[in-house]
Every structure is written in C-alpha cells, then in structure tokens.
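Every read-out reported here was derived from the displayed coordinates using simple, explicitly stated rules and does not represent laboratory data. If you're wondering where the values come from, they're calculated on a predicted model, not measured in any experiment. Heads up, the Cβs are rebuilt from the backbone with ideal geometry, glycines too, and the neighbour counts pull from every protein chain shown.
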Amino acid sequence: MFDSTPITMALALATLLNIVVSLLSWQRRHTESGKYFSYAMLGITLWTLAAGLRYAVTSLSYKIFFATLETWGYMTAMPLMTLSAMSFAGRGNWARRPWVRLLFLLFSASTILLVNTNSLHGWVWSRFIESNHNIVIFEHGPAFGYIMLVGYAMIVIILVQLLGIIRKGSRIARRQGWLLLSAATLPLAANIIYHFSPWSHSGIDWTSVTYSVTGVIYLWALNRAYLFDIIPIARQQLFENLRDGMIALNTVGEIADINAAAAHMLNASPGALIGKSLTALAPNTAPLLESCPETETRAEFKIESAPQRCFDLLISPIQDKYAVILGRLLIFRDISRIKENELRLLQLTQAVEQSPISVIITDLKGNIQYANPKFSELTGYTHQEALGRNASINQSGQTPRETYTKMWQSLLAGQIWHGEFLNRKKNGELYWEEAVIGPVTDESGNVLNFIATKVDITLRKQSETALRESNILLAARLAEIESLQAHLQEQVIRDPLTKLHNRRFLNETIQQEFLRAERNAQSISIILLDIDHFKSINDKYGHSAGDACLLKLADILLQSGRRTDITCRYGGEEFIILLPDTPARGARQHAEDLRQKVARAVFTIDDRSLQFTISLGIATFPQDGEHFTELIQRADESLYASKRRGRNRTTAWADAH
Ligand code: GH3
Ligand code: MG
Ligand code: MG
C-alpha cells in the first residue's frame, strides 16, 4: 500500500524540518510577523506531509485525497505567509485590514472548495493518468489556472515585501530579508519548472520537495539570524542610538562593528570604518589595546584637539558561550565637560580652602556641612569638630536678637544678608566678625544651603572703639580748655577782688565806646571816684576790712548803674564808670546818687560798724574833651578838686573850670 521512493523520503524530511520550524517559530509569536509565519508553517507542514503521503500511497483515490489535503495546507500557508511578509516589511497595518484578510480568505476558500468538489466537475484535475513508479499524472482542468494565479499573486506580494526589506531595512533585517528571499525563491523556481517546463507531465511537483531545503534555511534564519526576534533588533537600535561610542573589534584589532556616535567621534561614516584597524585611526588607543584581551580595562584617554577632548574608555572581551575570545568591545564616553567641571570645582575648592576669609556652608537649619581651614584657624574648631554642628556654636549671646531675626528674614526670602556678629571662639575669647550670608538655590529657586563668608574685624572694632573713646576724651579736654581759656580771659579783664572789669578791659573797650558816641553824636561821661582816707581805714580796721569796703563799694556801683554802664576798678581804691549816651547832668545825678548811697551805708566788720565816703570827678564828651585820655585826665582833675574841697563830694570838670 505504501511505496517509499526518494521523493517520499525527501518529503518526510521536509515535514520533519517543517515541524521543527513550526515549533521554533511558535516561540517567536510575540511579533506579528512571527505569529503569521508560525501559522503558515503549520500549513506548509500539512502540505509536505500530504504530498509525501500522496507519493507514498498506491491507491489512486488516496492519492487524490492527499492531493486535496495538500491544497488545504498550501492554500492555508500562502495567505498567512503573505501576511507575515507584509508585517515583517512594516506593513502590518495592511495585514490587519479586514478586507485584505477577507480577500485572502475568499481566495483560499474558493480554491479549497474547487479542489474538494473536483470529483463533481473536474475543473481542477480533469484526468488522472497512471504512470510507472507509482506516479499518477494529474491533468489540469481550467480552474487550475485560477489556483495558480492566486498562488503566484501571493508570491509576488511576498517577493515585493522582501525586496523592500533588503533595500531599506536595518542590517539585521536585510540579512533576514535575503534569507527569506532565498527560501521563497526555491519553491517558486520548482513550481515554475513544474508548470511551464516540458517535464511537468512527469507527475512530480517538486515544489513541496524543496521545503526540505527551505526548512533548513528557515531553521538557520530563526536560529542564527534572529528571524522574528525583536531582541537583536532592539539591541541593534540601542547600539546605534547610544550616545556613548561603541566599537567591536575583532581579534586582530579591526573594526567589526561601530555605532554612529563612535563613527562621529572618528569623523567618518560607520560603513567607511568597518574593517579598518582602530590603532591606525586612533594611534593613542594602541597602548590601551595592548592589555590582555581577556581582562576588562578602564582608562581615560585624550584627543589633542582644540578644545582638548577627554574620554572614559571601557575595553571588555567579547566571548562566545565557550569563552572563546571573538574580539573586544570598546565603550567610550566623552567626559570633556565632566573633566572641565571637575577642574573648575577643584579650582574653586582650592580658592575657598586657601581663602583668608572664613567660609562655612550650612544646611537650611544652620548645621555646618563644610568649613574651610580659615574658619578653624579663627574659631579654634577643627573641621571634624565643626561638621554637623550648628553654626550657633560661635554665638556669644552678645549679638542683639534682632540681628538674627533680620538675618533669617533675608535668608528665607532668598536674599543675601550682610551684618556683624560678636561671636565666641572655642577657647571662650570674643571676636567680632563681619558676615555675608547667601542662599544657594537650585534651578527652580528652592533654597538648598547657605554659604557664609566671614571676616574677623576685631582689630578694626577695637580701634574704632579706642578712637571713639579718645574722641570723647578729646572733646572733654577741649571743653575744659575752652572753659579755662574763657576763665583766663575773664581773669585778664577782671579784677580778682571785686570781680569788676579792670583797667585793661577799660583800655580795650573805651575807644570803641567813644567811636560809637562820636558816630551817633551822643554824649559819654566818665566818673572817676576814690575812697576818702582809705589808708586810715586800713590802718584802723585792718587790710581785710579795707578789702570788704572795696567789695561793698563795688556792689553799690553795680547795683546802681545801668546795664550799658562799664564799671572798672581803676587801681587801688579808685574806680571809673563809663556812662555811654549820658550828658554831664545825668552823670552828675548818678555820681551824687552813688556818693549818697555810699555815705549812708553802714558796714559791720568784726562786730564793729564802719562807714566811709567817696569823692567823685566827672568829665563829659564832647564838651570837656575830644579824646578819652584827655577826658580821664579831666575826670581825675575833677576828683582831686573834690578831695581838695573837703572830700565826700562830686565835681564836674565843667563846674571846676
Ligand atoms: P585820700 O582821701 O586823699 O584819698 O586819702 P587816702 O588815705 O585814701 O590816700 P590814698 O588814696 O593815697 O591811699 C590809698 C591807700 O589805699 C593805700 C593803700 O594802702 C590802700 N589800698 C590800695 N589798694 C588796696 C586794697 O586792695 N586793699 C586795701 N585794704 N587797701 C588798699
Ligand atoms: Mg586813692
Ligand atoms: Mg583814697
């Protein structure tokens, strides 16, 4: 009943292969194209199985049954294979369209229907001619052309999709495209030969037989070329799009693969660099590549360009699963900016470390996160002691509360604060510091830290205080000197006993008084007076009693005069009164008034009552003389006239002459 021929053997092998391919592709069903392919492979398996059985069985009716079954498999596989190719070529949206699916279903269903009903009409196979070697030639009816046309149409679609992939796809996809194309070409060639060559009537359709080879290609594609597997594509994309440069070198140091970023760094396209020796392109990589290929090496290398570029390079071995070294993978990252920033940071850090100004950085609560050496030098707290402690360790309690209140107000408002603290060192010593405290903010304006820069201003403060104190002292001294000077001046122009102005004062003022009188056409009178027999008072009562008389007389003179009168002790017990704007008559009245007051006055000295009299002489400007010396002279003459006439009297010069 069965006949095992080479062709049945080949088909058995193809079926076996197709089962394996079906199973393998089932694992790739997570991609759309993989899913269609997996279903299509079931159809192809049915096809090759049925074809094998058709050639094996001897009975004609079985042969026709299996030929019908072959069409089931073939017509299921073809549309699914077309859909797979479409989605593989990125036209998955077409494959998903209902009308496309309906069209495929119609073609398949109509074909299967025609084949299954062939016994009724003979449109597909018109005659079955039994040949030798258990071969039956199926004579084709008119509907066979339709079935062929539909099959070829689908193959054309498949080929177009594959050619599209080969033309535009990624490297991996192109390779897979070529594999699928070669897999599709073989059955197509066999089919064309079967239908259009002179041997077609031999009754053997080699199309299904070619699946023993096609199956191997599929196996290869699935296993080695990652067909329908997204992981290698994803990895390839990752490799291509990575900003880090990546180069795969083979064992002799030639570039086996290079991504766009690496090619860009070497100023060439990836295609132009494949196969080139890396050390020839970038000689400074040579020393790094000399390291043992099994070990992972990390290094930094520089490219002397303007500006200089710096790379972080990781060289790792590429090994297969048997630990055979296939080459080396170089991953490098441009760290020029990082290096630049590192250098800037180092410079700034050193500037702060070496600063003659103390610098601390605190968190938002004022806890010290960094303190520079100057801070330690100034405060006595070492870096370790200061870390984590609150900046208030320096507070002395002598800085006004409102200084801190204002400081926090400014800082929390994101502003820089400037002010002075009276702080305390670790050893308890007080010191003044001038501080500038500013917030550190991120891009969004959130305050992260505070930076305080502080200068010791103790010396300045001390000299300021000393200066202030000496200023106060100086001012006091100055006031003292001024008062002394004023006192001295008074002493110069006053008589120490009676406190009346003295002769010196008279000499200084009399000229002005006379000028004024002259200018204002006013009279001015001079009264000169002398105590009568003063010698005998001194003799009788003692010198201090004489002094007391002088004081009493001075008192009477002051009490009686006008504010504008100038009363001076002229010498001994002689007094002079300058009476501005006073004519002779007024002067005489005043003189008489004085004389009488003195004559009436009774003093008590040492329980003894005492009285004395005075003699007075008057001269008046302008009638008695033009110049004051002349007038004094005349007043003196008048006084002596009073003395001569018996004392205790007044004489005006005009009366005497
Ligand atoms: P006469 O009436 O002529 O003026 O007689 P007199 O005694 O007053 O004579 P005279 O004017 O010449 O004498 C002045 C005396 O006044 C001499 C002197 O001892 C005395 N005398 C002068 N200055 C002071 C003084 O400051 N204190 C006292 N106690 N006596 C003085
Ligand atoms: Mg006298
Ligand atoms: Mg006298």
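Given ALA641, ALA601, TRP94, which one lies farthest toward the positive end of the charge dipole of the chain, if we put +1 on the Cβ of every Lys and Arg and -1 on the Cβ of every Asp and Glu?
TRP94
Between rounded, prolate and oblate, where does region 337-379 land on the alpha carbon gyration tensor, with a ≥ b ≥ c its root eigenvalues, rounded for a/c under 1.5, else prolate if a/b exceeds b/c? Kindly include the intermediate steps, with their values, before the conclusion.
Working: a/c = 4.22, a/b = 1.51, b/c = 2.79.
Taking the square roots of the gyration eigenvalues as a ≥ b ≥ c, region 337-379 is oblate.
Report the extension gain between THR382 and VAL602 in nm, rounded to one decimal, defined as 0.36 nm multiplied by the number of residues separating them, less their alpha carbon distance.
Values: separation 220, 0.36 × 220 = 79.20 nm, distance 9.14 nm.
That pair, THR382 and VAL602, stretches by 70.1 nm at full extension.
Could you state the angle between the C-alpha long axis of helix 628-644 and the longest principal axis of the C-alpha atoms of the chain, as a value from 0 to 90 degrees rounded to the nearest 10?
Here the helix axis deviates by roughly 40 degrees.
Modelling each spin label as a point 7 Å along the Cα-to-Cβ direction, I'd like the GLU294/HIS264 distance in nm, to one decimal.
That separation, rounded to one decimal, is 3.8 nm.
Multiply the residue separation of SER609 and ALA256 by 0.36 nm, subtract the distance between their alpha-carbon atoms, and state the gained length in nm to one decimal.
Numbers: separation 353, 0.36 × 353 = 127.08 nm, distance 14.42 nm.
Length gained between SER609 and ALA256: 112.7 nm.
Taking the Cα centre of the chain as the origin and placing charges on Cβ (Lys, Arg +1; Asp, Glu -1), which of LEU42, ALA548, ALA85 is farthest toward the positive end of the dipole?
Farthest towards the positive end: LEU42.
If each Cα of region 390-536 is one equal point scatterer, what is log10 of I(q)/I(0) from the Debye formula at q = 0.11, 0.14 Å⁻¹?
Normalising to I(0) and taking log10 leaves -0.68, -0.91.
Arrange ARG235, ARG634, ARG28 by Cβ neighbour counts within 10 Å, fewest through most, would you? Please list the in-between numbers first.
Numbers: ARG235 12, ARG634 23, ARG28 18.
Ascending Cβ contact count within 10 Å gives the list ARG235, ARG28, ARG634.
Please give the charge dipole size of the chain, origin at the Cα centre, charges +1 on K and R Cβ atoms and -1 on D and E Cβ atoms. Round to the nearest 20 debye. Working shown, then result.
Working: 65 positive and 61 negative charges, 378 e Å.
Using only the charged Cβ atoms, the result is roughly 1820 debye.
Across the Cα atoms of the chain, what radius of gyration and what greatest pairwise Cα-Cα distance (Dmax) are found, in Å?
Looking at the chain, its Cα Rg and Dmax stand at 66.8, 204 Å.
Which of the GluC sites (Glu not before Pro) found in region 461-565 are loop residues per DSSP with 11 or fewer other Cβ atoms within 10 Å of their Cβ? Don't skip to the answer; put the middle values down first.
Numbers: sites: GLU464, GLU469, GLU480, GLU482, GLU490, GLU508, GLU513, GLU518; in loops: none.
In loop regions of region 461-565 (DSSP not H, G, I, E or B), there are no sparsely surrounded GluC sites (Glu not before Pro).
Share of antiparallel DSSP beta bridges in the chain, in percent to the nearest 5? Before the final figure, lay out the partial values.
Working: 83 of 88 bridges.
Of those bridges, close to 95 percent are antiparallel.
Give, in whole angstrom and from largest to smallest, the semi-axes √(5λ) of the equivalent ellipsoid of region 82-138, with λ running over the eigenvalues of the Cα gyration tensor.
Numbers: eigenvalues 255, 51, 6 Å².
Result for region 82-138: semi-axes of 36, 16, 5 Å.
Mind listing the phi-derived Karplus ³J(HN,Hα) values for region 462-475, rounded to whole Hz, using 6.51, -1.76 and 1.60 with θ = phi - 60°, and x for any glycine or proline?
Using θ = phi - 60°, the values come out as 4, 5, 5, 5, 4, 5, 4, 5, 5, 5, 5, 4, 4, 4 Hz.
To the nearest 10 degrees, how steep is helix 503-519 against the longest Cα principal axis of the chain, on a 0 to 90 scale?
Tilt relative to the chain: about 90 degrees.
Out of THR210, GLN512, VAL440, whose Cα points farthest toward the positive end of the dipole of the chain (charges: +1 Lys, Arg; -1 Asp, Glu; placed on Cβ)?
THR210
Extent of region 354-463 along each principal axis, from alpha carbon coordinates, in Å, largest to smallest?
Over region 354-463, Cα extents along the principal axes are 43, 30, 23 Å.
Please sort by residue number the trypsin sites (Lys or Arg not before Pro) in region 470-562 whose DSSP state is loop and whose Cβ has at most 14 other Cβ atoms within 10 Å.
On the way: sites: ARG477, ARG494, LYS499, ARG503, ARG504, ARG516, ARG519, LYS535, LYS540, LYS552, ARG562; in loops: LYS499, ARG562.
Listed in order of number, the matching sites are LYS499, ARG562.
With only alpha-carbon atoms counted, please give the Rg and Dmax of region 526-657, in Å.
Rg and Dmax of region 526-657, Cα atoms, are 14.5, 49 Å.
Between ARG96 and HIS657, how many nm apart are label points set 7 Å from Cα along the C-beta direction?
14.6
Starting from the amide H of TYR570, placed 1.01 Å from N in the peptide plane, find each other amide H under 5 Å away whose residue is 5 or more places distant or on another chain.
Residues meeting the amide H criterion: PHE575, ILE576.
Can you list, bin by bin at 10 Å, the percent of alpha carbon pairs in region 197-306, starting at 0?
Percent of Cα pairs in each bin: 11, 28, 24, 14, 10, 8, 4, 1.
For region 424-434, in order, what is each residue's ³J(HN,Hα) by Karplus, 6.51 cos²θ - 1.76 cosθ + 1.60 with θ = phi - 60°, in whole Hz (x at glycine and Pro)?
Coupling constants for region 424-434: 10, 7, 4, 7, x, 5, 8, 8, 9, 9, 9 Hz.
How many percent of Cα pairs in region 179-233 exceed 12 Å?
Numbers: 980 of 1485 pairs.
Of all Cα-Cα distances in region 179-233, 66 percent exceed 12 Å.
Using helices alone, I'd like the mean residue ellipticity at 222 nm for the chain: each DSSP H run of four-plus residues gives -39500 (n - 2.57), total over residue count, nearest 500.
Numbers: 26 runs with 361 residues, N = 657.
Here the helix-only value at 222 nm equals -17500 deg cm²/dmol.
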